[in-house]
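To start, the structure itself, in structure tokens.
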Ligand code: 9MR
């Protein structure tokens, strides 16, 4: 997919893992179908990364398909894989407005039945993976762009306090798991970031445990600038939250135009990644939960499918060759 002229930019090998260079976990989003069946994908996942987040199979749609039935098989297989192969497992995600099973969307119980269902959902899943999941994205994407609470089904049925209660229920079910609030655009939208911090700070003041914030960081080579990203990381850390760069990818074609895949674009991608990593490295280690890349190769990224555009946002190209963005960070982590 890249012309010969560009191949000279592949100036490093990936024979040893990214995580060997880092003082904090380096993670990747995992699609188990690829992990178990695609040998290249398996090699890269196991060799390069020491923290796994399931890209989809820990979401309610997969784990909790019927009111009283959980589907553990695939998630357990991944959890066992992580134990055997010494990978940290990050749980994504307990409460989100997307990828919900039909039975939750059409649940017609009273407020107290909704509360019971919500509590059971969180506690059954967290308890099941006690000792195997290091941290959970307890609540995902609960805010709108303008900093108000998203009017999700959870908020409509349970009221604004559902976020705090989700953290309390998760903590009861596994007091050792680290608990995260996870969202997108926190690095590019200061109003949203401040609203999230204000709410989480208040919840903490009332005594509930929130260990960290996941900055998803689905960014692109034009925006946000590295200055904004640095500011976001600093603000979250200053407020005393662990920082998880939780879903990192860097689009080179955010406008969805026909693109010429020039070396310059991949260079910009590498430079932005470098700035993110260099800045993350400066955090105190107690606040470094890690950097997680949202997939392995460009051909498996969610972006081309979701936005129906050509794009190349990850560390490896579709032939599993490490890209300049990989080489740029290899020695910096
Ligand atoms: O990468 C995930 C993709 O395979 C799913 O189809 C999609 C469904 O909405 O979710 C993607 O992951 C999302 C993550 O769970 C939460 N933050 C945004 C991610 C990209 O959409």
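Structure notes:
- For the chain, the longest principal axis of the C-alpha atoms and the axis of helix 111-128 are separated by about 50°.
- Sorting 12, 82, 327 from the fewest to the most surrounding beta carbons within 10 angstrom yields 12, 327, 82.
- Only Cα pairs under 8 Å and 6+ residues apart enter the sum, and on that basis the relative contact order of the chain stands at 19 percent.
- Most fluctuating residue given options 215, 268, 186, as computed from a GNM of the chain linking Cα atoms under 10 Å: 268
- Among 97, 218, the ranking by other beta carbons within 10 Å of each residue's beta carbon, starting with the fewest, stands as 97, 218.
- Pairwise FRET efficiency - residue 123 versus residue 33, Cβ, R0 = 30 Å, nearest 0.05: 0.55
- Choice from 25, 224, 258 with maximal GNM fluctuation in the chain (Cα, 10 Å cutoff): 258
- Fewest-first ordering of 168, 257 by other beta carbons within 10 Å of each residue's beta carbon gives 257, 168.
- Among beta bridges identified by DSSP and lying wholly in segment 42-146, the antiparallel ones come to about 10 percent.
- Taking the DSSP beta bridges with both ends in the chain, the antiparallel portion is around 10 percent.
- Whole-number percent relative contact order across segment 285-333, with pairs defined as alpha carbons under 8 Å at least 6 apart: 29
- Once C-alpha pairs closer than 8 Å and six or more residues apart are averaged by separation and normalised to the residue number of segment 76-183, the relative contact order reads 36 percent.
- Residue of 295, 256, 17 that the Gaussian network model of the chain assigns the largest fluctuation, springs spanning Cα pairs under 10 Å: 256
- Alpha-carbon centroid distance for the pair segment 205-264 / segment 30-92, whole angstrom: 23
- Averaging the Cα positions of each part gives two centres, and for segment 152-185 and segment 103-131 these lie 12 Å apart.
- The Kirkwood hydrodynamic radius of segment 177-219, based on inverse pair distances between different Cα atoms, is 10.9 Å.
- The chain: angle of helix 162-173 to the longest principal axis, Cα-based, in degrees nearest 10: 90
Bear in mind that the values in this text are calculations on the coordinates, not laboratory data. Predicted model only: the values in this text are computed from it and were never measured. No Cβ is skipped: glycine too gets one built from the backbone with ideal geometry, and neighbour counts run over all protein chains shown.
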